[in-house]
Amino acid sequence: MELLQQCIQEKGKVIDGHILKVDRFLNHQVDPMIMKAVGEAFADEFKDKGITKIVTIESSGIAPAVMTGLILNVPVIFARKKQSLTLQDDLLTAEVYSYTKKEANHIYLSGAFLSDKDRVLIIDDFLAKGEAALGLIRLVEQSQADVAGIGIVIEKSFQEGREKLNKLGYHICSLARIASLHENRIEFVNEDKG
Ligand code: G4P
Ligand code: NA
Ligand code: NA
C-alpha cells in the first residue's frame, strides 16, 4: 500500500535496527486519514469472504479494526490484556508469550459476541513473531467461529510471524512489509521479486 509505505518512510523511526516507531500515526497519535485508507484496503481484500465480525487486540489494533468494520459494516471486538470486572460471562482466554518481556500474559475475550456462525477477520497493527496473532486465533477458535482472514498493518517480514501463520494456511494481508531495518534504514519487501 503506497500511501502507508510513504507514511512509514516519512514518519517512522528505527530503534536499535529492529524496532519501528510509528507513534506519529499509529501507536500513540493516530492519523484518521491513514487509518481510513488502511480500512479501505482491508475491506477490499476481504470483501468476498463473508466476514461477520472483526477481532483485534487493545490498544493499537482498535483504530485500523474500527475503520475496516465501518466499511465492511460488521462489529469490531477487541481482546483485552486485563480481565475487567465486567468481563465475566463466557470468558475466553489464551496465553501470549512476550519475547521482549520474557513472560506469558493472558488475553481475554467475551464468548458472548462470537458463535459457530461467525466468520472472523483478525486485525492487528504489527506482525513480528506472531504470538499476538496466534493468541487471537486461539480465542476465536475457542468460540467455534471460523478465522476467515488476518489483516496486518505493518509486517516485519524479517521476523518469523508471517511464516508461522502461512504454515497454518491462513489468508493473510499485510499492507506494508518491512524487509529490513538494518542501519536504521527502512526497506520494504519488493513484491515483484517475491
Ligand atoms: P514481542 O513479540 O517482541 O515479544 O513483543 P510483545 O509481544 O511484548 O509485544 C510488544 C508490543 O510491540 C506489541 O504491541 C507489538 O505489536 C509491538 N511490536 C512488535 N514489534 C514492533 C515494532 O517494530 N514497532 C512497534 N511500534 N511495535 C512493535 P502492544 O504492546 O500490544 O502495544 P499496543 O497494541 O497497546 O500499542
Ligand atoms: Na503495538
Ligand atoms: Na498490537
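Observations
- Hydrodynamic radius by Kirkwood, which averages 1/r over all alpha carbon pairs of the chain, in angstrom: 16.9 Å
- A dipole drawn for the chain from +1 and -1 charges on Cβ atoms has a positive end, and of Asn166, Ala176, Phe78 the residue lying farthest that way is Phe78.
- Considering only Ala148, Ala94, Gly69, the residue lying farthest towards the positive end of the dipole of segment 69-173 is Ala94, judged by Cα position with unit charges set on Cβ.
- A simple packing score, the average count of other Cβ atoms within 10 Å per residue, orders the peptides 46-59, 72-85 as 46-59, 72-85, with the highest score first.
- Environment charge of Leu20, counting only residues whose C-beta is closer than 9 Å and scoring Lys/Arg +1, Asp/Glu -1: +3
- When only Cα pairs below 8 angstrom with a gap of at least 6 residues are kept, the chain shows a relative contact order of 20 percent.
- Karplus-derived 3J(HN,Hα), 6.51/-1.76/1.60, for each residue of segment 93-105, Hz, glycine and proline x: 9, 9, 8, 10, 7, 9, 6, 5, 8, 6, 8, 8, 10
- Those chymotrypsin sites (Phe, Trp or Tyr not before Pro) in segment 88-145 that DSSP places in a loop and that have at most 10 other beta carbons within 10 Å: Tyr99
- Binning the C-alpha pair distances of segment 94-194 at 10 Å intervals from 0 yields a P(r) profile of 15, 43, 31, 11, 2 %, listed from the shortest bin outward.
- Length gained on full extension, Glu58 to Val30: 8.7 nm, using 0.36 nm per residue less the C-alpha separation.
- Solvent-accessible area assigned to carbon and sulfur over segment 139-194 amounts to 41 percent, based on a 1.4 Å probe.
- For the chain, share of DSSP beta bridges that run antiparallel, in % to the nearest 5: 40 percent
- Net +/- balance of residues flanking Gly135 in space, Cβ distance below 15 Å, scoring K and R +1, D and E -1: 0
- Full extension of the chain between Asn166 and Glu183 gives 3.3 nm of extra length, using 0.36 nm per residue less the Cα-Cα distance.
The values are calculated or read from the model by the stated rules, or taken from the named source; none is laboratory data. What you are looking at is a predicted structure, and each value in this text was computed from that prediction instead of being measured. Because the Cβ atoms are built from the backbone with ideal geometry, glycine has one as well, and the counts that use them run over all protein chains shown. We work out accessible area using only protein heavy atoms, side chains counted, and drop any ligands, DNA or RNA first. Shrake-Rupley method; radii C 1.70, N 1.55, O 1.52, S 1.80 Å.
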